[in-house]
Amino acid sequence: MNVVKFPGNQQCVKVYGYLDSYLSNELLVETTHDVLRHLDSCTECRQALADRQKVRDGLRRVVLAETLPIGLETRISAKLREQTGTNIRRAWFFTPWILAAACLMLTVAGSSMIHRQKAMAASQILALGLGDHIICAMGGHYPPTPPDMATVADEDNMGAKYALLVPAALKQLSQFQLVEGHRCHVGGRTYPHVILRQGDMLISLSLVERKGGEAFPQGLWNGATKIDGQNVFQGHQENYSVAGFATAKHFVFVSSALDEQTNFDLARRMVPATTEILRPIEASLRKPVTMVLAWLASGSFQPEAVSHR
Amino acid sequence: MLGPKTNVADFEAVALPHLNDIFRTASGLLCNRTEAEDLSQDVYMHAWKSFHRFEPGTNCRAWLFKILFHRLHHHRRKWFQLKLTKEADLLEDTLQWEPPVKEQLSDEEILGALDKLPEDYRAVVLLADVEEFSYKEVAATLDIPMGTVMSRLSRARRLLREQLRDTAQSYGIGKIVGGDAS
């Protein structure tokens, strides 16, 4: 190997060749000590090391910022099921609606690159909730009459731990009536899903567990509104609006064909109650079954009849 | 080896959590999100077809990356002439003092530098420095000797730094890094 144009001393030549391996923690202990000793006294090699670190950090930052195209996971799930003919209970895939969900636009003021990146990241999460609403609620996957709470709390439906969302939604959004409370499977994910209606207007309160690393963009920015300590995001897609926020382990969405502001107001009203209900579930500190049974025993739940659409 | 599995949900549970990594790397390799999306779907369809050969408990992520590169080369052969990098032509094995990189590196500059890397080099740098695979795993994924991984990685990093060089300082303008020539 030739050595050319080198400042410093012969020790620089030796250490310079080790810098990448040093950063990757691949050197023997003795060699690491040699490098550290040299770095203590050599400005040029410290600068060279800092440059290598800067390029690696920058590379990771920009590549890891790449986000999945909206709906890709759902499209892959749909293709897998097309190939296998597999169907699972309450699993609806690859309807034209999910393609529509891919066009979700987030309400964001400002047009800086950082805002656009954040908007894109938030849109992809909001599309999860809107996709469930469009596929399940708008797809008419609910019974002709609303279920009673025991049915909703059944583990085959919402399950006891999530069933408390039904009375909470009926209380907070008192102008709406219950249509259905169940768990549905869309794009390989499970959604506890409450469907409400007012006349012909259907709204969905849906949740989905966050997968590792999934999060709305951090910090206050133009796309988020802080409600009760939660950043609430909103988006729209032609005829549909969606608003959502994140708890420790879930994303929570309110979706409807209402205008964006009205839909956002509904979501805002659900923030405290939903957060409160999910907190013990997420911390696994309480027994939701006991709470539902106690609530059922109180006899305060009187679902109104809903005609089949 | 276990018997054939037919449950799509089992496959989704182990494979879909890595979709982000697969798409991101495909996008980095192809420099095109639409092509990366097609390739990612193709990877998952092929992974599903060979899922009966996947052993639970082994590294699903590494398995998917191997399929990614296999499918990438398949498409390259199908659509284009496979570009083989003559590594010796790109950089001499000369240890040379490099001018400093820029103080502030923008996302565009870094992506631009990555895009200019030959694809073989981009692959190793994405796998090793971004996805943090070990040299051994990179070698297995790309089906190349470990020595080749190390030399490509060294050259790829150096090419990146060259692209991101502080041009002003390299021409002696601004901050001067001292030292005697040896």
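The values are calculated or read from the model by the stated rules, or taken from the named source; none is laboratory data. Computed from a predicted structure; not experimentally measured. All Cβ positions, glycine included, derive from the backbone under ideal geometry; neighbour counts span all protein chains shown. For accessibility, only protein heavy atoms count, side chains too; no ligands or nucleic acids. Shrake-Rupley method; radii C 1.70, N 1.55, O 1.52, S 1.80 Å.
Structure values in brief
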quantity	calculated
Filter pass, A:ARG75 being crowded, with 17+ Cβ neighbours inside 10 Å, more than 28 Å from A:ASP259 (Cα to Cα) and at pLDDT 65 or above	no
Failed condition for B:THR6, given (1) within 11 Å of another protein chain (Cβ to nearest Cβ); (2) modelled with pLDDT of 80 or more; (3) farther than 30 Å from A:TYR16 by Cα	(2)
The one condition in (1) modelled with pLDDT under 80; (2) of a type in the set (Asp, Glu); (3) part of a loop (DSSP other than H, G, I, E, B) that A:GLU66 fails to fulfil	(1)
Leading residue by the ranking (modelled with the lowest pLDDT) among those in the stretch A:161-178 that are open to solvent by 60 Å² or more (accessible area, probe 1.4 Å) and more than 27 Å from A:GLN237 (Cα to Cα)	A:LYS161
Out of A:HIS133, A:HIS141, sole residue that is touching a Phe, Trp or Tyr at 6+ places or on another chain (Cβ under 8 Å) and open to solvent by 30 Å² or more (accessible area, probe 1.4 Å)	A:HIS141
Condition met for A:SER123 (assigned to a helix (DSSP H, G or I) and in contact with a strand residue (DSSP E or B) (Cβ under 6 Å, 6 or more places away or on another chain))	yes
Given (1) assigned to a loop (DSSP other than H, G, I, E, B); (2) open to solvent by less than 10 Å² (accessible area, probe 1.4 Å); (3) closer than 16 Å to A:ASN263 by Cα, index of the condition A:MET158 fails	(3)
Residue in the stretch B:95-104 that is surrounded by fewer than 17 Cβ atoms within 10 Å (Cβ to Cβ), at positive phi and either more than 9 Å from chain A (Cβ to nearest Cβ) or modelled with pLDDT under 90 (or both) present	no
Residue selected from the stretch A:200-214 under the condition of a type in the set (A, V, I, L, M) and either over 8 Å from the mean Cα position of the chain (by Cα) or open to solvent by 40 Å² or more (accessible area, probe 1.4 Å) (or both), by the criterion nearest to the other protein chains (Cβ to nearest Cβ)	A:LEU207
Top-ranked residue of the stretch A:31-56 - restricted to ones that are of a type in the set (D, E, K, R) and at the interface with chain B (Cβ under 9 Å from one of its Cβ atoms), ranked as nearest to A:GLN124 (Cα to Cα)	A:ARG56
Any hit, the stretch B:34-49, residues being farther than 19 Å from A:GLN83 by Cβ and open to solvent by 10 Å² or more (accessible area, probe 1.4 Å)	yes
Unique residue being modelled with pLDDT of 90 or more and surrounded by fewer than 18 Cβ atoms within 10 Å (Cβ to Cβ) when the list is B:SER134, B:SER182, B:SER170	B:SER134
Residue count, the stretch A:251-279 (criterion: surrounded by fewer than 22 Cβ atoms within 10 Å (Cβ to Cβ), outside any helix (DSSP H, G or I) and within 18 Å of the chain's Cα centre (by Cα))	0
Qualifying residue in the stretch B:131-141 (condition: without any contact (Cβ under 8 Å) to a residue 40 or more places away in the chain, part of a helix (DSSP H, G or I), of a type in the set (Lys, Arg) and farther than 22 Å from B:ASN32 by Cα)	yes
Residue check for A:ASP57: open to solvent by less than 40 Å² (accessible area, probe 1.4 Å), without any contact (Cβ under 8 Å) to a residue 24 or more places away in the chain, outside the structural domain of A:ALA127 (by TED's automatic domain parsing) and within 24 Å of B:GLU131 (Cβ to Cβ)	no
